[in-house]
Amino acid sequence: MTGGTFYLTTPIYYVNATPHLGHAYTTIVGDAMVRWRRLVGDRVWFLTGTDEHGDKIAQAAAAAGIAPDAYADRISAAFRETWARLGITHDDFIRTTEPRHAAVVQKILQALWDAGDIYLGKYGGQYCYGCERFYTEKEIVDGKCPDHQTPLTYIEEENYFFKMSRYQSWLLETIEQQPGLIRPERYRNEILGFLREPLQDLSISRPRTRLEWGIPLPFDDKYVTYVWFDALINYVSALGGPGEVQFDTFWPHVQHLIGKDILKPHAVYWPCMLKAAGLPIFTRLNVHGYWRIGGGKMSKSVGNVVEALALTEKYGNDAFRYFVMREMVFGLDADFSEEAFVGRLNADLANDLGNLAARASTLLVSFAGGVVPAAPASAELAGDLAAAFGTMLQDVHAAMDEFAFQRALAAIWEFVGAVNRYVDASQPWALAKRPAERARLEAVLYNLAQALHGLGIVLAPFVPDAAGKIRSALGETGEPRLTGTPWGELLGGARVEKIAALFPRVEDRKPSAAAALPAATGGARITIDEFARIDLRVAQVLAVEAVPKSKKLLKLRVSLGTEERTVLAGIAEHYAPADLVGKKVVVVANLQPARLMGIESQGMVLAGSTEAGLGVLTLDRDLPPGAKVK
Ligand code: MSP
């Protein structure tokens with residue numbers, strides 16, 4: 001896989017509406033994919049851009065009261081700005097109104113005309129302006145466009161046609177012989193089904209009397225090119241076209257990334273066009289599903305648009321990237337909701353990853369002076385984290401080969417969970433108290449440092465900002481690289497800094513359950529002796545983690561000086577685990593132990609709460625753990 005060449009394209013987006021969640025999803029997963037391929041050492045080219053010709057754009061410009069070119073400039077710029085804000089690392093951004101594009105479109109049209117693949121014919125049919133296409137009787141639903149549910153218009157006109165029917169059996173055979181050409185499988189099957197019916201020739205022109213806004217046909221300037229015939233060629237024109245070095249380098253490795261809405265033009269028209277032009281077809285077409293909102297279809301033509309911008313600004317680019325990649329199974333539809341987003345942000349990012357980074361780096365700073373210990377001498381001390389890391393890496397490679405972003409992230413989070421469990425099981429804070437266990441402690445800390453180093457690399461394609469923070473806490477600057485396994489790359493002696501709050505928790509503003517309790521001031525009075533029966537102690541928080549399946553509970557490991565306890569606290573909706581590590585709090589030390597969610601709690605953390613929030617009691621000056629509170 002390393003040292004390969006990879007050319008990835010997104011659809012070029014129509015400029016009749018500003019960027020939204022759907023466009024952002026495709027572009028983000030494309031970005032994660034190319035970051036991954038750069039990470040493993042491939043030579044990469046990533047293309048995106050805007051589709052600016054056709055009825056749809058001309059109509060939108062007219063509605064906005066400006067010329068189509070000025071309109072296209074404005075919206076195309078909005079796409080570029082959005083991608084810059086989202087940290088998208090495309091290598092080129094093509095606009096179909098650029099001369100470099102028009103030149104290649106005209107060249108290909110001329111070649112097809114010369115080869116007899118284009119003819120002038122008459123066509124009459126039901127046309128949808130929204131879709132920019134004619135509909136066959138079979139496709140029409142209740143006399144309306146099946147996509148827009150708007151009435152169709154009967155249009156009859158003389159047009160140029162591409163002899164697509166000529167390529168039907170070739171295309172069918174090609175797709176049958178290459179099982180991986182269109183993926184996931186369901187979309188391949190859809191196209192194979194479609195190709196079992198006779199394939200019609202494709203109308204590839206529009207008379208200028210009806211539409212001016214397009215690229216003129218080189219052999220008849222009374223016509224402009226049909227927008228799909230124009231648009232698809234962007235993937236070739238952006239590389240300069242056949243004969244250019246860029247084209248020769250990247251075209252043999254091209255993979256397209258699209259949503260399921262534009263499967264047919266990509267899986268049928270496009271390979272036929274390429275074949276007719278004598279060019280190799282794409283190596284793979286990767287098709288993803290649609291985001292729905294509240295169970296309904298989400299698209300700019302139907303309304304109900306989510307501004308990608310607003311969501312990323314509210315929660316940060318990394319959280320947005322993580323959510324959309326983790327939530328959608330590539331190829332299937334998924335539901336978007338802010339609630340699910342915040343749920344994942346708090347659970348996976350703030351708790352699991354953020355907590356791990358904070359506790360591992362804090363342990364390295366507290367018990368190894370912020371210096372990575374030397375590699376453990378014995379395999380027994382090395383533990384099995386290295387193996388878990390290796391498995392994760394293999395899984396991520398396999399998942400990314402299939403554009404299965406959700407599986408790649410699940411594998412990484414499996415490892416994050418394993419490291420969190422490793423910290424709990426190895427208890428470095430306890431080892432630190434026993435000089436005889438120094439070698440074991442150093443082995444644990446070494447492993448934690450390797451885990452952080454590995455995560456800083458493998459997370460880079462998915463959550464680049466957070467991954468960068470992890471790497472910079474380890475003193476790693478420059479571009480991350482994944483060659484072989486990173487495990488063991490971080491050498492003993494390297495410096496480590498604390499990583500605080502990688503992902504701040506998003507607080508739930510609902511009133512806490514505690515607020516429903518009666519105010520303490522109204523209760524019966526107690527004597528000083530009764531109060532003295534409560535053994536309150538200062539406790540230092542050593543480690544904190546979420547309790548699986550509980551929204552409220554955090555599990556704290558605390559030191560009371562002479563002993564350590566596990567204490568459960570119902571504060572998960574108010575604190576991220578990382579916020580508490582290292583803090584000195586007050587616990588009720590002589591409380592009857594209680595089991596909650598299968599965990600024994602050996603005490604209680606004191607906290608004050610009102611409707612507005614909750615605050616854990618801490619000290620305003622330093623006292624040793626175990627100090628009595630009276
Ligand atoms: N201009 C054509 C594509 C030409 S490519 C040669 C076009 N543009 S579009 O602006 O409508 O973008 C469609 C693409 O945006 C989809 O294929 C998909 O990548 C993305 N999405 C738009 N809405 C979407 C969802 N609701 N969900 C997921 N992605 C969707 O079609």
Problem set entry | Accessible surface, the chain, averaged per residue in Å² (probe 1.4 Å) | 43 Å²
Seminar exercise, completed: Candidate cut points under chymotrypsin sites (Phe, Trp or Tyr not before Pro) in segment 178-242, DSSP loop plus at most 16 other Cβ atoms within 10 Å of their own Cβ, are Phe219
Exercise. Under a 5 Å amide H to amide H cut-off, with H placed in plane at 1.01 Å, what residues pair with Gly49 once short-range neighbours are removed?
Worked result: Tyr13, Ile94
Problem set entry | Over the chain, relative contact order from alpha-carbon pairs under 8 Å, at least 6 apart, % | 12 percent
For this session: Between the alpha-carbon centers of segment 20-41 and segment 552-569, tell me the distance in whole angstrom.
Result: 41 Å
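How much FRET efficiency would the formula 1/(1 + (r/R0)^6) give for Asp335 and Ala84, where r is the Cβ-Cβ distance and R0 is 30 Å, rounded to 0.05?
Numbers: r = 28 Å, r/R0 = 0.95.
Plugging the Cβ-Cβ distance into 1/(1 + (r/R0)^6) gives 0.60.
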Exercise. Using a basic spin-label model with each label point 7 Å from the Cα along Cα→Cβ, how many nm lie between His397 and Thr485?
Worked result: 1.1 nm
Exercise. Of all DSSP beta bridges located in the chain, what percent are antiparallel, nearest 5?
Worked result: 70 percent
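Among rounded, prolate and oblate, which fits segment 536-611 when a ≥ b ≥ c are the square roots of the eigenvalues of its C-alpha gyration tensor, a/c under 1.5 means rounded, and a/b larger than b/c means prolate?
Numbers: a/c = 1.39, a/b = 1.20, b/c = 1.15.
Here segment 536-611 falls in the rounded category.
Check each of the GluC sites (Glu not before Pro) in segment 107-201 and keep only those in coil by DSSP with at most 14 other C-beta atoms within 10 angstrom; list them in order. If you can, show how the numbers build up before the last one.
On the way: sites: Glu132, Glu137, Glu139, Glu156, Glu157, Glu158, Glu173, Glu176, Glu185, Glu190; in loops: Glu132, Glu137, Glu139.
Counting only loop positions with at most 14 other Cβ atoms within 10 Å, the GluC sites (Glu not before Pro) in segment 107-201 are Glu137, Glu139.
Set the bar at 22 Å for Cα to Cα. Now go through Lys122/Lys163; Lys260/Lys314; Lys56/Lys222 and name every pair that lies beyond it.
Numbers: Lys122/Lys163 14 Å; Lys260/Lys314 28 Å; Lys56/Lys222 20 Å.
Over 22 Å Cα-Cα: Lys260/Lys314.
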Exercise. Simple spin-label model, 7 Å along Cα-to-Cβ: Ile140 to Glu197 in nm?
Worked result: 1.5 nm
Seminar exercise, completed: The farthest towards the positive end of the charge dipole of the chain, of the residues Ala350, Ala24, Asn234, given +1 on Cβ of Lys and Arg and -1 on Cβ of Asp and Glu, is Ala350
Problem set entry | Amide H contacts under 5 Å for Phe330, placed H, 5+ residues apart | Phe405, Gln406
Problem set entry | Separation of the Asp220 and Thr566 label points, Cα + 7 Å toward Cβ, nm | 7.9 nm
Problem set entry | Within segment 519-588, trypsin sites (Lys or Arg not before Pro) in DSSP loop having at most 10 other beta-carbon neighbours inside 10 Å | Arg525, Arg533, Lys549
For this session: Check cross-link reach from Lys630 to the lysines: straight Cα distance under 24 Å, and skip same-chain residues fewer than eight apart.
Result: Lys583, Lys584
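How charged is the neighbourhood of Leu606? Take every other residue with its Cβ under 13 Å from the Cβ of Leu606, and add Lys/Arg as +1 and Asp/Glu as -1. Intermediate values should be presented prior to the final figure.
Values: positive: Arg537, Lys583, Lys584; negative: Asp535.
Summing Lys/Arg as +1 and Asp/Glu as -1 gives +2.
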Problem set entry | Beta bridge orientation in segment 34-151: antiparallel %, DSSP, nearest 5 | 55 percent
For this session: Give the calculated FRET efficiency between Ser169 and Thr527 to the nearest 0.05, with a Förster radius of 56 Å applied to their Cβ-Cβ distance.
Result: 0.05
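How much of the accessible area of segment 161-270, in percent, comes from carbon and sulfur atoms when a 1.4 Å probe is used?
Values: 2120 of 4330 Å².
Carbon-and-sulfur percentage of accessible area, whole number: 49.
Would you list the membrane-span-like helices of the chain, meaning whole DSSP H runs whose alpha-carbon atoms span at least 27 Å along their axis and whose mean Kyte-Doolittle value is at least 0.0?
Details: long enough: 405-426 (31 Å, 0.41); 438-458 (30 Å, 0.68).
Long hydrophobic helices here: 405-426, 438-458.
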Seminar exercise, completed: Extend 7 Å from the Cα of Ala594 along its Cα-to-C-beta direction; within segment 536-573, residues with backbone N under 11 Å of that point are 568-570
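The values are calculated or read from the model by the stated rules, or taken from the named source; none is laboratory data. Because the structure is a prediction, the values reported are computed rather than measured. Please note: Cβ atoms are built from the backbone with ideal geometry, for glycine as well, and neighbour counts cover all protein chains shown. To get the accessible areas, we keep the full protein, side chains included, count just its heavy atoms, and leave off ligands, DNA and RNA. Shrake-Rupley method; radii C 1.70, N 1.55, O 1.52, S 1.80 Å.
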